[in-house]
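A short write-up of the structure that comes next.
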Ligand SMILES: [Zn+2]
């Protein structure tokens, strides 16, 4: 599963960012609508992906980013849904200038402090 290997990368990043003894409580990801990542699949894979890692006790949080294209005719950034071709939803002008929506990265890591 694609998402499982992505999450393996995430737990690697987190484990490098925290001390070995740190208890990670929350991991936040940013996922773009055009990143090819299925958010439901991320949540489904998380319990498996985190096993035996520093994130074993952590909850997963996802911030979804809508995809946008730059429309030269409207001279503005327009939001497209994940099924739209790369055309402006306002005027139909074709544009391959994707400005947002391909994100997939770690947003934040919350650790237990005492
Ligand atoms: Zn337009």
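Below is a table of values for the structure above.
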| item | result |
| --- | --- |
| Computed label-point distance, nm, for sites residue 65 and residue 108 using a 7 Å Cα→Cβ extension | 1.7 nm |
| Angle between the chain longest axis and helix 39-49 axis [Cα atoms, degrees, rounded to 10] | 20 degrees |
| Kirkwood hydrodynamic radius over Cα pairs of region 1-107, then Stokes diffusion coefficient at 20 °C and 1.002 mPa s, in µm²/s | 141 µm²/s |
| Helix 2-17 axis, angle to the chain major axis (alpha carbon atoms, nearest 10°) | 60 degrees |
| Separation in nanometres of the label points that stand 7 Å from Cα toward Cβ, at residue 75 and residue 2 | 3.8 nm |
| nm² value of the averaged projected area, convex hull over the Cα atoms of region 7-66 | 3.9 nm² |
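Any read-out appearing in this document is the output of simple, stated calculations on the displayed coordinates, not a laboratory observation. Note that this is a predicted model, so its numbers are computed, not measured. Don't worry about glycine lacking a Cβ; one is built from the backbone with ideal geometry, like all the others, and counts go over all protein chains shown.
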